[in-house]
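A.B. asks: Got a structure for you, questions after.
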Amino acid sequence: KKWYAPGNAILVVAGDITPERLKPLAEKYYGSIPAQPATPRRRPMEPPQTAKRTVTLKDARVRQPSWGRTYLAPSLLTGETKHAYALEVLANIFGHGATSRLYQSLVVESQLALSAGAYYGADERGPSRFTLYAAPKPGVSMETLESKIEEELAKLLEGGITPSELKRAKKRMQAQAIFARDSLSGGARTLGAALAAGLTVEDVETWPDRIGAVTVEQISAAAKAILKDIRSVTSYLISNKTG
């Protein structure tokens with residue numbers, strides 16, 4: 001009664017149907033559900049970020065160690081929202097797929113890692129996270145892996161990204177948005193998730209254009225604003241198995 005009420009529900013219908021055919025069906029199946037008082041969303045506030053932190057998890061069952069670092073980041077709805085689209089493009093360039101900077105550096109060139117990447121989600125209702133991750137090859141220490149990742153971070157913060165990297169990233173991301181339209185359910189879920197978070201249909205429809213408007217300078221500014229040690233938590237998942 002508290003959460004699953006019309007005031008907390010969004011109906012998204014995809015397929016060969018018109019509003020005229022849909023309305024009586026929606027009224028028939030959903031119209032009888034009684035309304036409830038609005039339930040306010042109370043989200044805890046993030047405390048000030050004043051120092052970098054580390055978390056180490058050890059377990060004898062760990063077969064593949066992993067490294068991760070998460071930076072507190074703005075979303076489209078919270079914090080320094082002006083950086084959100086630039087951070088989406090930055091995550092694509094720096095850590096999305098086998099052609100990304102992290103993968104090429106750690107997996108292909110130095111051969112220190114089995115996998116490496118980055119991800120960021122802009123459509124969180126509260127603060128978001130910009131996350132880096134990697135899994136070291138057998139025999140490679142966490143210290144060696146982390147040192148190489150920080151080397152790549154330093155290159156990014158000092159030199160930024162190139163116009164050609166930006167052009168390729170935009171093309172990849174916009175192509176994904178076009179291909180997503182091939183799926184009726186995919187589009188419906190995207191719209192439903194955006195509306196539930198507090199975004200609009202216009203936000204979804206104009207996303208390719210907004211990604212296309214991101215500049216090299218905006219990405220550099222976003223990286224310098226967000227990828228700071230004091231905003232980070234670094235995690236180590238390792239095995240404590242002996243013998």
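The values are calculated or read from the model by the stated rules, or taken from the named source; none is laboratory data. Please read these numbers as outputs of a predicted model, since none were measured by experiment. Note: ideal-geometry Cβ built from the backbone for every residue, glycine included; neighbour counts use all protein chains shown. All accessible areas refer to the heavy atoms of the entire protein, side chains included, with ligands and DNA or RNA removed. Shrake-Rupley method; radii C 1.70, N 1.55, O 1.52, S 1.80 Å.
A.B. asks: For the structure I just gave you, tell me whether Ala194 is at pLDDT below 95, touching a Ser or Thr at 6+ places or on another chain (Cβ under 9 Å) and within 21 Å of Gly97 (Cβ to Cβ).
C.D. replies: The answer is no for Ala194.
A.B. asks: How do the pairs read when you match residues in region 3-24 that are under 27 Å from Gln36 (Cβ atoms) and in a loop (DSSP other than H, G, I, E, B) with residues anywhere that are of a type in the set (D, E, K, R) and open to solvent by 70 Å² or more (accessible area, probe 1.4 Å), using Cβ under 8 Å and keeping only pairs 6 or more apart or on different chains?
C.D. replies: Listed by first residue and then by second, the contacts come to Val12/Arg189.
A.B. asks: I would also like to ask the following. Kindly check whether there is at least one residue in region 73-90 that is of a type in the set (Phe, Trp, Tyr), touching a strand residue (DSSP E or B) at 6+ places or on another chain (Cβ under 7 Å) and on the phi < 0 side of the Ramachandran plot.
C.D. replies: The answer is no; no qualifying residue exists.
A.B. asks: Next question. Hand me the list of strands (runs of 3 or more DSSP E) wholly inside region 28-144 holding 1 or more residues that are open to solvent by less than 10 Å² (accessible area, probe 1.4 Å).
C.D. replies: Result: 66-73, 113-120, 128-136.
A.B. asks: Looking at Lys224, Lys241, Lys155, can you tell me which residue is loosely packed, with under 15 Cβ neighbours inside 10 Å and in a loop (DSSP other than H, G, I, E, B)?
C.D. replies: Sole residue among the options that is loosely packed, with under 15 Cβ neighbours inside 10 Å and in a loop (DSSP other than H, G, I, E, B): Lys241.
A.B. asks: Then there's this: Tally time: how many residues in region 126-141 are at pLDDT below 95 and touching a Lys or Arg at 6+ places or on another chain (Cβ under 7 Å)?
C.D. replies: 1
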